[in-house]
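**Student:** This is the structure I have questions about; it appears just below.
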Amino acid sequence: MKRNTLIKIGSAVLAALLMTSHLLTACAEGDSPEIETELTPLRDAVTAVMGEDTIVGAACTKDELSRKYIQQLIEHHFNAVTFGNELKPDALFGYSNGTVPGTHEDELNGKTITVPNMDFSRAEYMCDIIKKWNDENPDKIIKIRGHVLVWHSQTPEWFFHVDYDKNKDYVTPDEMSERLEWYIREVLTHFTGEDSKYKGMFYGWDVVNEAISDGTCKYRTDTENANESLLKDTHGSNSSWWHVYQSNRFIIDAFRFANKYAPADLDLYYNDYNDTELSKAFGIVELINAVKATPDARIDGMGMQGHYSSTDMNEGKFETCAKQYLECGVKVMITEWDLKAADSYDSSSEESIVTEYTRQARRYETLYKKMQKLQEKGYDIAGFTFWGTIDKFSWLQSRSDVGGGSTSGNTQCPLLFDDDCKAKPAYWAFVDSDHITDMQKAFKEKEKAEKEAASAEEVTEEVTEVSTEEAAPVETETTVSEEQKETAPETEAVTEEPAKKRTTGGIIATCVIVALLVLCGSLLTQKLREKKDIKKHD
């Protein structure tokens, strides 16, 4: 599918980004778009307003980060990244979701336990790219957010069963807690421990993700979706964590173990979506307070995922819910920010693109100002991370039963940069929102100019048509134009028939006259001969 890109108008502002579907399309696969390095880095614009420690991040996967232009986009605009999949349990178990990828013996608290083999290679590949940049650019450090330790989705079902075999019984809560502590220890010490080559690179970690139900607004259970079997390799809705514990103990334990093995400067987060729904916010607040009430547990922040819509979100509810989390004594960060397009959005229509991009920019601008307002009141707003880098790599372009995604099937445009890595109007919502107004004016002027040009062209065509008719030669009585032949064939027949009759009549009349003359001549000759003969006899 072709995607529309943006045209820059005005070298000084680099802002009037008007979409022209028939002029520009996204780079073909394999091409490397150029980064607009002349643009103000997004991180510089935001940290100048909200403080040097503010996180301005983007999510990316191993596949995306392996592309040089994505690296360049991140390096120019962001001071943090979140790995989209590579630190989730299924990735760290080598995506061996159907069966355990082998086991080995390990020690935990003086006890030997059997544990599954782990694979850190995907996350290490990404960490190495970031580390190389940081080593070469100590004045532009990029931090990393760990995502995620405990989640009902993308955790292989075998992890909860005896002998790591999903066809056997579930383990007891105590045995599951041993596995949980071991897992958290292995992940955190590998990437943040004293002996880790990546020590100091991580600023935070999502300890627990999406543990509150959308339906009940209480803890997510093992019966969220009656049509989803617990024996599936991974789950989209039902929680095997709850199935084992039948309580929130696994959540409390996760924050206890994370606090035990994480460095003190690593922020520990709870992370969830539908974070602006007031009823769900009550359940999230209950979870945060339960962790905070546990002496050896630690929770530092609430991650409002920020998967919002450009059309039907209530900004007032955002502020209200954010305050509820902040008043629990934790910081707030938008951790997976994007804006789903209106159902009416048509990526092949220039007018629709301008409408959607402008609406999107204004939504981002409004929420950004809400965060500034909360910060001005003394609340701890840690920053925000966009869930992706450029539109075509957004999770909203497809549908997954273990993480949501697009439901309409329409092409989406949820981020700040288009497929060509070019800044969209939404970028200016964070850098200079006056440019959004400039873009709207420029597009209206362009529309007006196009309409005027179209009207002038119509007038020219009409004048030309009239001139052509006036200059046409006059037809004789018996001449029939091609247009008349096409529109009135019967008239043609009527017009031609009298002419034929007149021609035939003339020929006959001529023949009669000639015949009469011949006859008269013969008679006259005969009379003269008779007269001569009479004279001879006389």
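The values are calculated or read from the model by the stated rules, or taken from the named source; none is laboratory data. Keep in mind that this is a model prediction, so the values were computed, not measured. Here Cβ is always computed from backbone atoms with ideal geometry, including for glycine, and neighbour counts include all displayed protein chains.
**Student:** How many residues does region 143-163 contain that are under 18 Å from Cys60 (Cα atoms) and surrounded by 20 or more Cβ atoms within 10 Å (Cβ to Cβ)? Give the steps one after another, and end with the answer.
**Tutor:** Our first condition is that a residue be under 18 Å from Cys60 (Cα atoms); within region 143-163, this holds for 143-149, 154.
Applying the additional criterion that residues be surrounded by 20 or more Cβ atoms within 10 Å (Cβ to Cβ) yields 144-149, 154.
Number satisfying all stated conditions: 7.
**Student:** List every residue pair whose Cβ atoms sit under 8 Å apart, with the two residues 6 or more apart in sequence or on different chains, where the first one lies in region 45-58 and is on the phi < 0 side of the Ramachandran plot and assigned to a helix (DSSP H, G or I) and the second, anywhere, is modelled with pLDDT of 95 or more and hydrophobic (A, V, I, L, M, F, W, C).
**Tutor:** Close Cβ pairs (under 8 Å, with a partner that is modelled with pLDDT of 95 or more and hydrophobic (A, V, I, L, M, F, W, C)) amount to Ala45/Phe430; Ala45/Val431; Val46/Val56; Val46/Phe430; Thr47/Val56; Met50/Met371; Met50/Ile381.
**Student:** Would you check which residues across region 116-159 are farther than 26 Å from Ser229 by Cβ and of a type in the set (Val, Ile, Thr) and list them?
**Tutor:** Ile129, Ile130, Ile141, Ile142, Ile144
**Student:** While we're here: Out of (1) outside any loop (DSSP other than H, G, I, E, B); (2) crowded, with 18+ Cβ neighbours inside 10 Å, what's the single condition that is false for Ala290?
**Tutor:** Every listed condition holds for Ala290 apart from (2).
**Student:** Select from region 140-190 the residues that are over 22 Å from Ala211 (Cα atoms) and polar (S, T, N, Q) and list them in ascending order.
**Tutor:** Asn167, Thr189
**Student:** Another question about this same structure. Return the residue satisfying two criteria in turn: it lies in region 250-272 and is among the acidic types (Asp, Glu) and not in a helix (DSSP H, G or I), and of such residues it is farthest from Tyr325 (Cα to Cα).
**Tutor:** So in region 250-272, the residues among the acidic types (Asp, Glu) come out as 253, 265, 267, 272.
Adding the requirement that they be not in a helix (DSSP H, G or I) leaves 265, 267, 272.
Working: Asp265: 21, Asp267: 15, Asp272: 12 Å.
Among those that are among the acidic types (Asp, Glu) and not in a helix (DSSP H, G or I), it is Asp265.
**Student:** Do you know which of the residues in region 263-275 that are surrounded by fewer than 24 Cβ atoms within 10 Å (Cβ to Cβ) and either outside the structural domain of Gln305 (by TED's automatic domain parsing) or in contact with a Ser or Thr (Cβ under 8 Å, 6 or more places away or on another chain) (or both) is farthest from Thr216 (Cα to Cα)?
**Tutor:** Ranking the qualifying residues of region 263-275, first place goes to Pro263.
**Student:** Just the residues that are hydrophobic (A, V, I, L, M, F, W, C), within 29 Å of the chain's Cα centre (by Cα) and part of a loop (DSSP other than H, G, I, E, B), please, taken from region 133-177. Spell out how you get there, then give the answer.
**Tutor:** Within region 133-177, the first condition is being hydrophobic (A, V, I, L, M, F, W, C), and the residues that meet it are 133, 141-142, 144, 148-151, 158-160, 162, 171, 176.
Now narrow it down to the ones that are within 29 Å of the chain's Cα centre (by Cα): 133, 141-142, 144, 148-151.
Answer for region 133-177, where residues must be hydrophobic (A, V, I, L, M, F, W, C), within 29 Å of the chain's Cα centre (by Cα) and part of a loop (DSSP other than H, G, I, E, B): Ile141, Ile142.
**Student:** So which residues in region 66-111 are of a type in the set (Val, Ile, Thr) and in contact with a Ser or Thr (Cβ under 9 Å, 6 or more places away or on another chain), if there are any at all? First the steps, then the outcome.
**Tutor:** Going residue by residue through region 66-111, those that are of a type in the set (Val, Ile, Thr) are 70, 74, 81-82, 99-100, 103.
Across region 66-111, the qualifying residues are Ile70, Ile74, Val81, Thr82, Thr103.
**Student:** Then there is this: Are there any pairs with C-beta distances below 7 angstrom linking a residue in region 279-300 that is assigned by TED's automatic domain parsing to the domain that holds Ala382 to a residue that is loosely packed, with under 15 Cβ neighbours inside 10 Å and not basic (Lys, Arg), with the two at least 6 apart or on different chains, and if so which?
**Tutor:** Lys292/Gly329
**Student:** In region 384-407, which residue that is out of contact with any Gly (no Cβ under 9 Å at 6 or more places or on another chain) and at pLDDT below 60 is surrounded by the fewest Cβ atoms within 10 Å (Cβ to Cβ)?
**Tutor:** It comes out as Thr407.
**Student:** Is region 81-91 home to any residue that is outside the structural domain of Glu350 (by TED's automatic domain parsing), in a strand (DSSP E or B) and within 19 Å of the chain's Cα centre (by Cα)? Quick ask: steps written out before the conclusion?
**Tutor:** So in region 81-91, the residues outside the structural domain of Glu350 (by TED's automatic domain parsing) come out as none.
Within region 81-91, not a single residue is outside the structural domain of Glu350 (by TED's automatic domain parsing), in a strand (DSSP E or B) and within 19 Å of the chain's Cα centre (by Cα).
**Student:** Consider Ile334 against the criteria (1) surrounded by fewer than 21 Cβ atoms within 10 Å (Cβ to Cβ); (2) without any contact (Cβ under 8 Å) to a residue 60 or more places away in the chain: it satisfies all of them except one. Which criterion is unmet?
**Tutor:** Just one mismatch for Ile334, condition (1).
**Student:** Determine which single condition Thr320 fails, assuming it passes every other condition in (1) hydroxyl-bearing (Ser, Thr, Tyr); (2) surrounded by 17 or more Cβ atoms within 10 Å (Cβ to Cβ); (3) farther than 18 Å from Tyr269 by Cβ.
**Tutor:** Result: Thr320 passes all but (2).
**Student:** Taking the conditions exactly as written (at pLDDT 90 or above, of a type outside the set (Val, Ile, Thr) and either part of a helix (DSSP H, G or I) or buried (at least 22 other Cβ atoms within 10 Å of the Cβ) (or both)), does Ala342 satisfy them or not?
**Tutor:** Numbers: at pLDDT 90 or above: yes; of a type outside the set (Val, Ile, Thr): yes; either part of a helix (DSSP H, G or I) or buried (at least 22 other Cβ atoms within 10 Å of the Cβ) (or both): no.
No: the conditions fail for Ala342.
**Student:** How many residues are of a type in the set (S, T, N, Q), in contact (Cβ under 8 Å) with a residue 24 or more places away in the chain and surrounded by fewer than 22 Cβ atoms within 10 Å (Cβ to Cβ) if we restrict to region 173-214? Lay out the reasoning, then the answer.
**Tutor:** Start the filter on region 173-214 by keeping residues that are of a type in the set (S, T, N, Q), which leaves 177, 189, 192, 196, 209, 213.
Filter once more, so that each one left must be in contact (Cβ under 8 Å) with a residue 24 or more places away in the chain: 177, 189, 192, 209, 213.
Then keep just the ones that are surrounded by fewer than 22 Cβ atoms within 10 Å (Cβ to Cβ); that gives 177, 189, 192, 213.
Of the residues in region 173-214, 4 are of a type in the set (S, T, N, Q), in contact (Cβ under 8 Å) with a residue 24 or more places away in the chain and surrounded by fewer than 22 Cβ atoms within 10 Å (Cβ to Cβ).
**Student:** Can you tell me which residue is farthest from the chain's Cα centre (by Cα) among those in region 347-399 that are without any contact (Cβ under 8 Å) to a residue 12 or more places away in the chain and within 25 Å of Asn85 (Cβ to Cβ)?
**Tutor:** If we take residues in region 347-399 being without any contact (Cβ under 8 Å) to a residue 12 or more places away in the chain and within 25 Å of Asn85 (Cβ to Cβ), then Arg399 is farthest from the chain's Cα centre (by Cα).
**Student:** Here's a follow-up. Taking Tyr308, is it surrounded by 18 or more Cβ atoms within 10 Å (Cβ to Cβ), assigned to a strand (DSSP E or B) and under 17 Å from the mean Cα position of the chain (by Cα)? So that I can check it myself, show each step before the final result.
**Tutor:** Numbers: surrounded by 18 or more Cβ atoms within 10 Å (Cβ to Cβ): yes; assigned to a strand (DSSP E or B): yes; under 17 Å from the mean Cα position of the chain (by Cα): yes.
It is true that Tyr308 is surrounded by 18 or more Cβ atoms within 10 Å (Cβ to Cβ), assigned to a strand (DSSP E or B) and under 17 Å from the mean Cα position of the chain (by Cα).
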